[in-house]
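Note sheet for the following structure.
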Amino acid sequence: MKKNQKIAQLFSPAAFIHDTEENYQAVETLIREQEIGGLTFFHSRHSAAANFEKRAEVLDVSGTFEKLIGLINRYQKVSTVPLLISIDGEYGLAMRIENTPQYPFAITLGALKGNAESQVEEVGYRMGLDMKRSGIHLNLAPCADVNTNPDNPVIGYRSFGKDTQKVAHLAFAAYSGMKKAGIGACLKHFPGHGDTATDSHLGLPILHKTKAELQGEELLPFQYGIDRGVELIMVGHLAVPALTEGKNIPASISRELITDLLKGEMGFKGLVISDALNMKAVANLFPEPGELEWQAFHAGNDLLCFSDHVYEGIAKIAQLASDSAIDTVFEKVMDLKKRLGVLEPKPIEVPTFDWESHSQLQKDLAENYVSVISGEISSEALQALAKAGKLGYQEFFTASPSHFSRLVNLPFSPIEQAEKVILAVFVPSHKPLNQFGMEQTVLDQIQTLAKTKPCILMHFGNPLALKHLGELADFEAVVCAYQGFVETQVHAAAVLNGK
């Protein structure tokens, strides 16, 4: 291969499932003319911009999965060297594609009791199988970020929690499950995005910690994975001045952080993937097209994700990089493609999912994470109150009665007449923007009820949203169900009914 062809194998620009025919053809042209190494699929331009423009999180467009399979086959057909197909699917294909299996968020898996590592590995394995059958070779997950900042605007539910050791073990378990399924996975966002207050989609987060503090917390899950042979790590767009001689330079373009620390001091021998190069933490730093791509390459990235300037990036790297540096990275990328079976492409048929098996997994998981986190529940007392017409029920943030309300199956009385009330809160959003989508007037109503009557709170959603519901001590008991899955609601009802 010529130099430019080798460099092109490093690039994995964005491909949008829902797009115009003109844009599909533009991707085909990019594949033919630049001979790029891969594509990273997103639902649509609209949803990919949601973090930037605070739009709706879910864009309902039908036929997404079928379109994805069609596009993978279409793009592979025009590529001389088979494409490495990747997706950012932290909780499965469902993070990007409707009507595909969704798995619990990392924060939910972090609440698993008992044999958590084994169960998380199984989740990673099932998730990986879904992707492999769909023609996807690499999942840009899981997060190895330790979520020590409860106000973190971008990690939160994506982290296994605030316990460093737990995050290290569960992130590696998820990674191992995906590898077992035959796809690639990566730990992200090195050197650790959990204790930040800025969304790197919008600006540059700066982490003010000493190297010793970082080694004891943020860096530990990555070192744990490196010591056990992790093959891919994604570097985030956040500055850590203590590791870059006081400079506020994004880790993703810092040679000190990637080449010296990660590859040198920490001993990482695998491939380094950049976080999306269109994110504003880095995209705004280099107005000249191609300069950012060169900076990312020079820093030590082996795969360049979501570059908006492929042509200029290839030219700039060809101009400035040595032949030996290009050859080294090219060989790493081709070796990865060989290991993941990329170089032996076959047309993909639209797979069917075993929904029954998926539901059973969800049940098994729910039984291990739905928890009474405050107070105690006496199902006998609830039954007695219900029979006496003194038990009330109200649910919030649902357009229609929930599955949970039918499962509880108790005769409820009006709130005014009730001596005790069950409050079921279905948190609208898993992201913290606008109080996780919860209106303040409704939150005030919940807090007032908790102060005036004995209340049991059933919380379906991100547990980080609990802080908006008032003091937990104001509730007689709090059940944290973490998710709104039907299987989760079934187990939450069982907890309430003493079963």
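The values are calculated or read from the model by the stated rules, or taken from the named source; none is laboratory data. Every value quoted in this text rests on a predicted model; they were computed, and no experiment measured them. With ideal geometry, Cβ positions are generated from the backbone for all residues, glycine too; neighbour counts draw on all protein chains shown.
Being assigned to a helix (DSSP H, G or I) and touching an Asp or Glu at 6+ places or on another chain (Cβ under 9 Å) is the filter here, so list the residues in region 254-279 that pass it. Matches in region 254-279: E256 only. Within region 203-244, the residues that satisfy the criterion of being touching an Asp or Glu at 6+ places or on another chain (Cβ under 8 Å) and in a strand (DSSP E or B) are M234, V235. Does I348 meet the test of being β-branched (V, I, T), touching a residue at least 24 places away in the same chain (Cβ under 8 Å) and closer than 22 Å to F426 by Cβ? The answer is no for I348. Hey, does region 348-368 have a residue that's under 23 Å from E471 (Cα atoms), modelled with pLDDT of 95 or more and either of a type in the set (A, V, I, L, M) or over 23 Å from the mean Cα position of the chain (by Cα) (or both)? For region 348-368, residues under 23 Å from E471 (Cα atoms), modelled with pLDDT of 95 or more and either of a type in the set (A, V, I, L, M) or over 23 Å from the mean Cα position of the chain (by Cα) (or both): absent. Flag: T259 does not match the condition of being modelled with pLDDT of 95 or more, more than 28 Å from the chain's Cα centre (by Cα) and among the β-branched types (V, I, T). When G341 is tested against (1) over 26 Å from the mean Cα position of the chain (by Cα); (2) of a type in the set (G, A, S); (3) assigned to a loop (DSSP other than H, G, I, E, B), only condition (1) is not met.
Among the residues making up region 433-487, those that are surrounded by fewer than 21 Cβ atoms within 10 Å (Cβ to Cβ) and either among the basic types (K, R) or assigned to a strand (DSSP E or B) (or both) are K451, K453, K467, A477. Exactly one residue among S254, S359, S274, S307 is touching a strand residue (DSSP E or B) at 6+ places or on another chain (Cβ under 9 Å), among the hydroxyl-bearing types (S, T, Y) and touching a residue at least 60 places away in the same chain (Cβ under 8 Å), and that residue is S307.
If the condition is being at pLDDT below 95 and acidic (D, E), then region 89-137 contributes only E98. Scanning region 369-414 for residues that are part of a loop (DSSP other than H, G, I, E, B) and under 21 Å from S429 (Cβ atoms) returns V370, F397, T398, A399, S400, P401, S402. When region 238-256 is filtered for residues that are small (G, A, S) and out of contact with any helix residue (DSSP H, G or I) (no Cβ under 9 Å at 6 or more places or on another chain), only G246 remains.
A quick yes/no check of all residues on (1) under 21 Å from E293 (Cβ atoms); (2) crowded, with 22+ Cβ neighbours inside 10 Å; (3) in contact with a Phe, Trp or Tyr (Cβ under 7 Å, 6 or more places away or on another chain); (4) assigned by TED's automatic domain parsing to the domain that holds P205:
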| residue | (1), (2), (3), (4) |
| --- | --- |
| E218 | no, yes, no, yes |
| P221 | no, yes, no, yes |
| R228 | no, no, yes, yes |
| M234 | yes, yes, yes, yes |
| P241 | no, no, no, yes |
| K247 | yes, no, no, yes |
| I253 | yes, yes, no, yes |
| L257 | yes, yes, no, yes |
| E265 | no, no, no, yes |
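Within region 184-199, restricting attention to residues that are part of a loop (DSSP other than H, G, I, E, B) and in contact with a Lys or Arg (Cβ under 8 Å, 6 or more places away or on another chain), the residue that is modelled with the highest pLDDT is G194.
Could you say whether any residue in region 386-397 is of a type in the set (A, V, I, L, M), crowded, with 16+ Cβ neighbours inside 10 Å and either under 19 Å from C455 (Cα atoms) or out of contact with any helix residue (DSSP H, G or I) (no Cβ under 9 Å at 6 or more places or on another chain) (or both)? Checking region 386-397: at least one residue is of a type in the set (A, V, I, L, M), crowded, with 16+ Cβ neighbours inside 10 Å and either under 19 Å from C455 (Cα atoms) or out of contact with any helix residue (DSSP H, G or I) (no Cβ under 9 Å at 6 or more places or on another chain) (or both). Residues in region 97-128 that are touching a residue at least 60 places away in the same chain (Cβ under 8 Å) and part of a helix (DSSP H, G or I): 10 in all.
Within region 138-150, residues that are in the same structural domain as F160 (by TED's automatic domain parsing) reach partners that are hydroxyl-bearing (S, T, Y) and buried (at least 23 other Cβ atoms within 10 Å of the Cβ) with beta carbons closer than 6 Å, at six or more positions or on different chains, in the pairs L138/S86; L140/S86; C143/S159; D145/S159; N147/S159. Residue pairs whose Cβ atoms lie under 9 Å apart, separated by 6 or more positions or on different chains, with the first residue in region 469-482 and without any contact (Cβ under 8 Å) to a residue 24 or more places away in the chain and the second buried (at least 22 other Cβ atoms within 10 Å of the Cβ), are E471/A450. Picking from residues in region 119-158 that are among the hydroxyl-bearing types (S, T, Y) and under 22 Å from L220 (Cα atoms), the one that is nearest to the chain's Cα centre (by Cα) is Y157. Taken over region 303-326, residues that are surrounded by fewer than 23 Cβ atoms within 10 Å (Cβ to Cβ) and either among the hydroxyl-bearing types (S, T, Y) or under 25 Å from the mean Cα position of the chain (by Cα) (or both) amount to 5. In region 388-404, the residues that are within 13 Å of M458 (Cα to Cα) form Cβ pairs under 6 Å with partners that are assigned to a strand (DSSP E or B), at six or more places apart or across chains, as follows: Y393/I422; Q394/L423; E395/A424; F396/V425; F397/F426; S402/E395; F404/A424. Of the residues S405, S400, S429, the single one that is surrounded by fewer than 21 Cβ atoms within 10 Å (Cβ to Cβ), among the small types (G, A, S) and either under 27 Å from the mean Cα position of the chain (by Cα) or in the same structural domain as T108 (by TED's automatic domain parsing) (or both) is S429.
Within region 408-425, the set of residues being out of contact with any Lys or Arg (no Cβ under 9 Å at 6 or more places or on another chain), of a type in the set (V, I, T) and at pLDDT 95 or above comprises I422, V425. In this structure, G37 does not satisfy being modelled with pLDDT of 95 or more and surrounded by fewer than 19 Cβ atoms within 10 Å (Cβ to Cβ).
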